[in-house]
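Chemist: Below is the structure I would like to discuss, written out as structure tokens.
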Amino acid sequence: MTEGHMTKQTQGSYQERLNRVLDHMERHLDDDLALDELAAVACFSPYHFHRIFSGMVGEGVKAHLRRLRLERAANRLTFTELPVTDIALNAGYDSPEAFSRAFRNLFELSPVRYRELALAGGLPPASGRSSVALCRACELIQEGKLTMEATIKELPELNVAYVRHVGPYEMCESAWEAVCGWAAPKGLLGPNTAIVGLCHDDPEITPPEKIRYDACLTVPEGVQAEGSVGVKTIGGGRYAVTVHKGPYANLHATYAWLCGVWVVENGHELASEPSLEFYLNNPEQTPPEELRTEVHVRLA
């Protein structure tokens with residue numbers, strides 16, 4: 001076996017193990033996750049785990065967990081009426097004061113002020129990003145000029161193979177190339193394969209370089225993870241669903257309407273789980289204005 005092949009195989013093994021622990025963390029954010037437990041999930045020694053994780057993810061284990069919990073808290077401040085004290089406890093903080101300090105360190109606003117600005121549509125964009133397009137979408141919503149239809153669907157659990165992309169949503173093409181390039185030779189791409197984007201983060205909350213997105217293909221039970229390609233179960237439960245028509249770059253307007261208008265007006269609560277995007281046609285063969293994306297947001 002050549003040295004290059006050995007290195008590639010080792011990198012793939014590390015990525016597969018990292019996928020397992022990231023998935024475990026995201027599914028158990030409410031739990032007290034000890035370093036030894038996470039190291040065991042990834043099959044790394046506790047001694048080396050933190051350094052490996054930091055090098056591959058770009059932030060330490062505790063910092064990563066803290067940021068995910070605080071970003072989920074920011075989402076709850078925006079889309080629920082839960083008291084700040086409850087949100088603080090759900091984020092793992094013993095007191096609202098400790099939660100407020102940590103929240104301010106990340107978002108440069110107190111939780112109360114963050115909620116006020118979110119409800120008023122005046123939040124500063126994460127990392128100074130321009131949110132002119134989103135603001136315009138909000139104006140169209142308020143003027144009643146952006147209207148769509150939505151429904152509630154029970155989504156079964158889906159077994160998927162996926163490749164994780166970390167970075168701006170619009171730069172996820174390499175993840176799709178990787179997962180499709182892996183699936184095609186195995187005969188796993190067919191007319192019944194669902195093409196699904198698992199969107200973990202709100203780009204108005206999470207800095208662009210930290211956004212997590214999984215490029216997913218539905219696969220039969222029994223398919224095994226391999227290298228950078230992970231296998232897991234997604235979906236399952238009650239979702240608010242609408243169809244976005246047009247370029248992917250304009251999806252933010254559909255999310256703003258679905259989460260900020262339809263869900264609110266129909267008296268629903270959003271769950272703190274990733275949204276799903278089912279891509280109904282091929283962007284390589286379809287003009288941007290004719291693209292169709294079925295957007296699913298999980299309901300509590």
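Chemist: Please report the relative contact order for the chain, taking Cα pairs under 8 Å with a sequence separation of at least 6, and give it as a percent rounded to a whole number.
Modeler: The normalised contact order for the chain reaches 19 percent.
Chemist: Return the equivalent ellipsoid semi-axes of the chain as a descending list in whole Å, where each equals the square root of 5 times an eigenvalue of the C-alpha gyration tensor. Present the calculation step by step, with values, prior to reporting the outcome.
Modeler: On the way: eigenvalues 192, 144, 56 Å².
Equivalent ellipsoid semi-axes, largest first: 31, 27, 17 Å.
Chemist: Determine the gain in length on full extension of the stretch Glu177-Glu209; use 0.36 nm per residue of separation and subtract their C-alpha separation, reporting nm with one decimal. Mind dumping the intermediate values first?
Modeler: Numbers: separation 32, 0.36 × 32 = 11.52 nm, distance 1.98 nm.
Contour length minus Cα-Cα distance gives 9.5 nm.
Chemist: Sticking with this one: Pulled fully out, how much extra length does the chain show between His268 and Ala63, if you take 0.36 nm times their separation in residues and subtract their Cα-Cα distance?
Modeler: Working: separation 205, 0.36 × 205 = 73.80 nm, distance 3.20 nm.
Here the segment from His268 to Ala63 would lengthen by 70.6 nm.
Chemist: Could you give the alpha-carbon Rg of the stretch 150-298 over 2.2 N^0.38 Å, rounded to two decimals? Provide the component values of the computation, followed by the final result.
Modeler: Values: Rg = 15.2 Å, N = 149, 2.2 N^0.38 = 14.7 Å.
Scaled against compact globular proteins, the figure is 1.03.
Chemist: Give me the percent of Cα-Cα pairs in the stretch 201-289 that sit more than 22 Å apart, rounded to a whole number.
Modeler: On the way: 1686 of 3916 pairs.
Of the Cα pairs, 43 percent sit more than 22 Å apart.
Chemist: Write out the GluC sites (Glu not before Pro) in the stretch 192-300 meeting two conditions: DSSP loop, and at most 11 other Cβ atoms within 10 Å of their Cβ. If you can, show how the numbers build up before the last one.
Modeler: On the way: sites: Glu204, Glu209, Glu221, Glu226, Glu265, Glu269, Glu277, Glu284, Glu289, Glu290, Glu294; in loops: Glu204, Glu221, Glu269, Glu284.
Of the GluC sites (Glu not before Pro), the ones in loops of the stretch 192-300 whose Cβ has at most 11 other Cβ atoms within 10 Å are Glu221, Glu284.
Chemist: Sticking with this structure for a sec: On full extension of the chain, what length is gained from Glu149 through His28, given 0.36 nm per residue of separation minus the C-alpha to C-alpha distance? Mind showing how you got there, number by number?
Modeler: Working: separation 121, 0.36 × 121 = 43.56 nm, distance 3.33 nm.
Gain on extension, Glu149 to His28, equals 40.2 nm.
Chemist: Now for a different question. Once the Cβ-Cβ distance between Arg51 and Glu97 is put in as r, and R0 is 35 Å, what FRET efficiency do you end up with, to the nearest 0.05?
Modeler: On the way: r = 33 Å, r/R0 = 0.93.
Efficiency computed from Cβ-Cβ geometry: 0.60.
Chemist: Okay, next question. Over all Cα pairs of the stretch 46-88, how is the pair count split among 10 Å bins, expressed in % and running from 0 up to the last occupied bin?
Modeler: Going out from 0 Å in 10 Å bins, the stretch 46-88 shows 28, 35, 22, 16, 0 percent.
Chemist: Here are some pairs, Lys210/Lys232; Lys153/Lys186; Lys186/Lys245; Lys186/Lys210; Lys62/Lys153; Lys62/Lys186; which of them have Cα atoms lying more than 27 Å apart in this structure?
Modeler: Numbers: Lys210/Lys232 21 Å; Lys153/Lys186 31 Å; Lys186/Lys245 32 Å; Lys186/Lys210 31 Å; Lys62/Lys153 36 Å; Lys62/Lys186 38 Å.
Going by Cα-Cα distance, Lys153/Lys186; Lys186/Lys245; Lys186/Lys210; Lys62/Lys153; Lys62/Lys186 fall outside the 27 Å limit.
Chemist: From the C-alpha gyration tensor of the stretch 64-123, pull out the three semi-axes of the equivalent ellipsoid (sqrt of 5λ each), sorted largest to smallest, in whole Å. Mind showing how you got there, number by number?
Modeler: On the way: eigenvalues 55, 29, 22 Å².
Values for the stretch 64-123, descending: 17, 12, 10 Å.
Chemist: Further question: Starting from the Cα of Leu106, step 7 Å along the direction of its Cβ; do the same at Val243; then give the gap between the two resulting points in nm.
Modeler: So the label points at Leu106 and Val243 sit 3.7 nm apart.
Chemist: Then there's this: Evaluate the charge dipole of the chain about its Cα centre and quote only its size in Debye, nearest 20, assuming +1 on the Cβ of each Lys and Arg and -1 on the Cβ of each Asp and Glu. Please report the intermediate quantities before stating the final value.
Modeler: On the way: 28 positive and 40 negative charges, 85 e Å.
For this selection, approximately 400 debye.
Values in this text are rule-based calculations from the coordinates and carry no lab data. Note that the structure is predicted; figures quoted are calculated from it, not measured. In this analysis, Cβ positions are derived from the backbone assuming ideal geometry, glycine residues included, and neighbour counts consider all displayed protein chains.
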